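One structure below.
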Amino acid sequence: MAMTITIDPRPTVIGNLLLVTGTFQDDGTRSGAIELASFFSSLIHVDANGFNDASTVGFQPPAGGVGINIACAGGNIGGTWIALGIRG
């Protein structure tokens with residue numbers, strides 16, 4: 001089992017900036033990675049918001065990659081994520 005990650009099919013482009021959004025749903029593993037190297041050459045800002053649970057959601061860039069690692073501090077939490085960066 002793995003965390004379910006979706007990427008919205010229509011990113012927003014503003015000049016050389018790209019805004020990509022999506023959702024995640026924890027299945028009990030409490031962590032998942034969103035690889036975004038196919039979209040970005042570098043990230044400027046990422047954020048994740050959890051819902052369906054009183055738990056918190058944390059995120060960080062993966063080591064040596066372009067993306068987001070999401071870690072949920074409770075089971076069965078879902079939420080949304082957003083990434084803003086320079087187009088790849």
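Can you give me the distance in nm between label points at Gln25 and Arg87, each placed 7 Å from the Cα along the Cα-to-Cβ direction?
3.2
In nanometres, what is the gap between the two model label sites at Thr4 and Asn76, each 7 Å from Cα along Cα-to-Cβ?
Label-label distance for Thr4 and Asn76, simple model: 1.4 nm.
What do you reckon, how do Ile82, Ile70 stack up by accessible area (1.4 Å probe), largest on top?
Most to least solvent-accessible, the answer reads Ile82, Ile70.
Would you tell me the accessible area of Val20, worked out with a 1.4 angstrom probe on the heavy atoms of the protein chains, in Å² to the nearest 10?
For Val20, solvent-accessible area is about 0 Å².
The values are calculated or read from the model by the stated rules, or taken from the named source; none is laboratory data. Quick caveat, the model's predicted, so the values are computed rather than measured. Ideal geometry is used to build each Cβ from the backbone, glycine not excepted, and the neighbour counts take in all protein chains shown. Note: accessible area is taken over every heavy atom of the protein model, side chains too, but ligands, DNA and RNA are not part of it. Shrake-Rupley method; radii C 1.70, N 1.55, O 1.52, S 1.80 Å.
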